[in-house]
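Bear in mind that the values in this text are calculations on the coordinates, not laboratory data. Model, not experiment: these values are computed from the prediction. Because the Cβ atoms are built from the backbone with ideal geometry, glycine has one as well, and the counts that use them run over all protein chains shown.
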Amino acid sequence: MSQNNTTDIVKKSTLLQVTKDEIIQSRKLILQLKAPLWRKKKNGQYSIVPADKLDHFLGNRLSSEIQFYMEKDWVNRIREKIKIKKSGSEIQSESQEKLKKQNKASIKPDSEQTFKKHLEIFQKMSLDERENYLNKDIETIDDMIKMNKSLDLDNVKDIVKITTKAFYISKTTLTDNLNDNIQIPKQKINSIIAKTTILIDSMANLIQQEKVSYKDLNYIEDISTGSSTVDHMNKVLLRAIPFGIFYNEYFDKGLIAKIRAEFKNKFYNYYHQLMPYEKNISLQTVFKNGIRRMNALEFRDYALGTLLHDIGKLPDINYHDGSEGYNPRKVISHAPVSYNMIIKSGGFPWGVAVMAALHHEYYGHESGYKVEKVLFRHFKKYSQHQDYKRYFITYAEADIKNGEAFAYFPCKMLEIIDVFDALTDQNRRYRGKDYSIENALELMRKEFIETNLKIDPILFNIFVEFVKEYTVLNDPGKLDTIMI
Ligand SMILES: [Fe+2]
Ligand SMILES: [Fe+2]
């Protein structure tokens, strides 16, 4: 496109003048987001400022005379991002920030109390009241969809509040359901489950509609509910939904052809290590019946499963939010506990419960939780297959129950997001270090794929592309070297 006709594609009325100082202050963001910047030429025409010439224009002797312009939406988005950076410490309470620096262990009492306070509110509610909350939140999200709202900071904050409430409602209701002293009519539980499902569906629709603004989901890093466990659930859900949409679009855009073409050269060896007994590993062996997009029902279960995947951490919230040393029993038990809470409700699809049970299996690696072995050993067919899997990933329930495949598809998607969050979460300490997004992905490739095959390499590549396209990064070029 020549510079002369570039002015035609932007309506002048949407352009706002921005000062040179403002551009200098947001230079990094403008470049990262590839935000189009315009200058007004002497003849009154607008001309785009090419990214590689930006510094030249800013440092130009005559730059104080240049009038810079940006489209209104871009100005708002960039101003919002700068505001967040400044107000990060306001959102995450100041005292927590100080404590974090002094002694990370000190976060515990704050976090515990906030969690308990919030949980108590929902514990005291009747089932009808809880359901009303869900109804109201469904309406709020549907209104956001109708009004075509963009996911700016305030809206993302509202979404986080809504997912947090949905999470507390599920937790209190599923716990009541396990309590023999509380009689809950089946129909009531089903109706809360149905509303939770509608809520998550609406949220997926909202995010789908706002595709261009996935970047703004970066905001979730800066929003704290007071409990690191609940923050983790929110972040995982709000990343899993757009990642799932991105995954499906991979097929719609025909990009999957690239993976098919590169399978032998790039991916074969990783899989071969784990299935040395299988001579002809193909993409059809890795994904039983071939890799494909999720249908609407599968997508809904995947989103619900991510909302609830760690719900079993809550009975042990003091440990999970706290800083006590590593306790394998407590850590591992959250997966079967989550599974039990969900399956005993009798109302969630099987796949949702299985996501909770099997999201730390890591392709059977010794560091995996091995819940699968306990859960399905009583199936006769399972014992025939457990040592000799025939597939890596399946989209079908039966292949998991009979042990034919290592992993259930949504669990492998969730594993990646879960590990990514563990590494990048500033409140959790992975080997006592804070990882940038780029470093976290680099470590995932090295330790979760190269050294031992734990997460799936094909899904990892799609995830890196997703992060590259929809996240603000310090060093986007680095991601090309991390991809397989
Ligand atoms: Fe987990
Ligand atoms: Fe998790």
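Are there chymotrypsin sites (Phe, Trp or Tyr not before Pro) in region 270-308 that DSSP puts in a loop and that have at most 13 other Cβ atoms within 10 Å, and which ones?
Details: sites: 270, 271, 277, 287, 299, 302; in loops: 277.
The qualifying sites are 277.
Set the Förster radius R0 to 35 Å, insert the Cβ-Cβ distance between residue 261 and residue 397 as r into 1/(1 + (r/R0)^6), and round the FRET efficiency to 0.05. Show your work: numbers first, answer last.
Values: r = 31 Å, r/R0 = 0.88.
Given R0 = 35 Å and the Cβ-Cβ separation, E is 0.70.
According to the Kirkwood relation over distinct C-alpha pairs, the hydrodynamic radius of region 217-261 is 12.2 Å. Check cross-link reach from residue 266 to the aspartates and glutamates: straight Cα distance under 20 Å, and skip same-chain residues fewer than eight apart. Correct list for residue 266: 278, 442, 447, 450, 456, 465, 480. Using R0 = 45 Å, the C-beta based FRET efficiency linking residue 82 and residue 145 works out to 0.95.
Computing FRET efficiency as 1/(1 + (r/R0)^6) for residue 251 and residue 53, where r is the C-beta to C-beta distance and R0 is 35 Å, gives about 0.40. Longer than 31 Å from Cα to Cα, which of 117/412; 258/478; 136/412 are they? Say none if no pair is. Result: 117/412; 136/412 exceed 31 Å. Modelled spin-label separation between residue 14 and residue 329, with each label point placed 7 Å from Cα along the Cα-to-Cβ direction: 6.1 nm. The calculated Kirkwood hydrodynamic radius for region 386-429 is 11.7 Å, given to one decimal from all distinct C-alpha pairs. Along its first, second and third principal axes, ordered by size, region 231-367 spans 48, 34, 28 Å in Cα coordinates.
For region 241-313, what is the convex hull volume of its Cα atoms per residue in Å³?
On the way: hull volume 9.6 nm³, N = 73.
That works out to 132 Å³ per residue.
For the pairs 313/454; 28/149; 149/344, flag any whose C-alpha to C-alpha distance is greater than 30 Å.
149/344
The average projected area of region 241-282, computed from the convex hull of its Cα atoms over all directions, is 3.7 nm². Put a dot 7 Å past the Cα of residue 451, heading toward its Cβ, do the same for residue 121, and the two dots end up 4.2 nm apart.
How much length is gained if the chain between residue 365 and residue 289 is pulled fully straight, taking 0.36 nm per residue apart and subtracting their Cα-Cα distance, in nm to one decimal?
Working: separation 76, 0.36 × 76 = 27.36 nm, distance 2.41 nm.
Extra length from residue 365 to residue 289 when fully extended: 25.0 nm.
Any idea what diffusion coefficient region 399-484 gets from Stokes-Einstein, in µm²/s, Kirkwood Rh on alpha carbon pairs, 20 °C, 1.002 mPa s? Diffusion coefficient, whole number: 157 µm²/s.
When the Kirkwood radius is taken over all Cα pairs of region 323-460, what Stokes-Einstein diffusion coefficient follows at 4 °C and 1.567 mPa s, in µm²/s?
Stokes-Einstein gives a translational diffusion coefficient of 82 µm²/s.
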